[in-house]
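Remarks on the structure that follows.
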Amino acid sequence: MIGGLTGGLLATTFGPKKSLLYVQSLSIIGAISMGICKESSSYELLLIGRFLSGLSCGTFTALVPLYITEVQPYLLKLRHLNIDQISNFLGSTCPSSWGTWDSQPTGSHLWDLCEHDIRPWRDFWQ
């Protein structure tokens with residue numbers, strides 16, 4: 001939520017292209033810190049990496065449509081905006097649904113109610 005709110009401020013300050021480059025550096029720092037947290041036995045690095053990755057993902061959600069509308073011609077603009085929104089939806093839905101199967105307690109009927117809409121795909125993804 002913080003990243004989505006700061007995306008417009010960054011775009012007006014630096015422009016969409018430079019803002020995307022700056023936010024990508026945050027994403028890389030977050031990925032590196034999550035990658036080295038196990039070797040360094042530091043859960044703080046994991047939390048910092050998750051925060052930076054979440055901040056950059058929220059900011060990308062606000063900045064990418066601005067950049068697409070600035071760069072693309074009219075006929076391609078709508079197609080690329082639709083692809084961006086579908087990618088955002090699938091990128092946030094699929095990992096969360098995969099994570100519920102790994103953390104599901106055995107014999108819990110509440111989890112069956114929570115994942116009723118994705119249960120037909122369960123065998124496909126495993």
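The values are calculated or read from the model by the stated rules, or taken from the named source; none is laboratory data. Keep in mind that this is a model prediction, so the values were computed, not measured. Counting neighbours? That spans all protein chains shown, and the Cβs are built from the backbone with ideal geometry, glycine included.
Restricted to segment 25-45, and to residues that are of a type in the set (A, V, I, L, M) and surrounded by 15 or more Cβ atoms within 10 Å (Cβ to Cβ), which residue is nearest to ALA62 (Cα to Cα)?
Step by step, filter segment 25-45, then rank; the result is LEU26.
How about segment 1-78: which helices (runs of 4 or more DSSP H) wholly inside it have at least 3 residues that are at pLDDT 85 or above and under 20 Å from GLY91 (Cβ atoms)?
Working: elements: 2-14, 16-35, 43-71.
In segment 1-78, the matching helices (runs of 4 or more DSSP H) lie at 16-35, 43-71.
Collect the residues in segment 6-35 that are over 12 Å from ILE48 (Cα atoms) and touching a residue at least 24 places away in the same chain (Cβ under 8 Å), keeping them in residue-number order.
Within segment 6-35, THR6, GLY7, GLY8, LEU10, ALA11, PRO16, LYS17, SER19, LEU20, VAL23, GLN24 qualify.
If you scan segment 1-24, which residues turn out to be β-branched (Val, Ile, Thr) and surrounded by fewer than 13 Cβ atoms within 10 Å (Cβ to Cβ)?
Taking segment 1-24 and keeping what is β-branched (Val, Ile, Thr), we get 2, 6, 12-13, 23.
ILE2, THR12, THR13, listed by residue number.
Starting from segment 71-96, keep only residues that are more than 24 Å from GLY15 (Cβ to Cβ), then list their pairs with residues that are modelled with pLDDT under 75 and in a helix (DSSP H, G or I) whose Cβ atoms are within a distance under 9 Å, requiring at least 6 positions of separation or different chains.
What qualifies is CYS94/TRP125.
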